[in-house]
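Before any comments, here is the structure.
The values are calculated or read from the model by the stated rules, or taken from the named source; none is laboratory data. Quick caveat: nothing in here was measured; it's all calculated off a predicted structure. Quick reminder, even Gly has a Cβ in these numbers, built from the backbone with ideal geometry, and neighbours come from all protein chains shown. Note: accessible area is taken over every heavy atom of the protein model, side chains too, but ligands, DNA and RNA are not part of it. Shrake-Rupley method; radii C 1.70, N 1.55, O 1.52, S 1.80 Å.
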Amino acid sequence: MKKLIASFCMLAALSCNSGGEEEFKKAENAQEAGTQFIRASLDGDYDKAAFYLLKDSTNLLLFEKQQANYKQLSSKEKSQYKSAAIRPVAITSENDSTVQYNYYHTSNPADTTTLRIVRRQDSWLVDLKSVIKM
């Protein structure tokens, strides 16, 4: 029940954002959306990362968990993430509205992650559910 309430609160907070998202530019393609989301996440800029997130209840819960994990990192680990480079391994189109973005970042080169980037209306957005399906 607490998770359900938390997800609704998070959804309300993200949807009622007082114009902060307007400063971010829509991604022109899936690679840009993925890169912007990853970079913002590594930098701890979760307002920007949220702009590139597909907002549904599962993604919001996963995003909240990702933020909590980041907050628990040491200052040294956060610094390493901020200085990390994003290295795409493969960017593969499934169809005209879904792309698999496989990457690693230089602070943890042994950990390769695949994100699904989807086009909804005129926006490319990250679907975090793809991470838990792997």
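Before moving on, here are some points about what is shown:
- Solvent-accessible area of PHE51, all protein chains in place: 40 Å² (probe radius 1.4 Å, heavy atoms, ligands and nucleic acids excluded).
- Across region 52-64, coupling constants 3J(HN,Hα) worked out from phi with the 6.51/-1.76/1.60 Karplus curve, θ = phi - 60°, read 9, 9, 6, 8, 9, 4, 5, 4, 5, 5, 5, 5, 4 Hz, and Gly and Pro carry x.
- Taking only protein heavy atoms and a 1.4 Å probe, the accessible area of region 53-124 is 44% carbon and sulfur.
- Fully extending the segment from ASN108 to SER74, taken as 0.36 nm per residue of separation minus the present Cα-Cα distance, adds 10.7 nm.
- Here ILE86 and GLN121 are evaluated by their C-beta separation; at R0 = 35 Å the FRET efficiency comes out at 0.85.
- Loop-located GluC sites (Glu not before Pro) in region 24-73, at most 10 other Cβ atoms within 10 Å (DSSP): GLU28
- Surface exposure of region 66-126, expressed per residue as accessible area with a 1.4 Å probe, stands at 61 Å².
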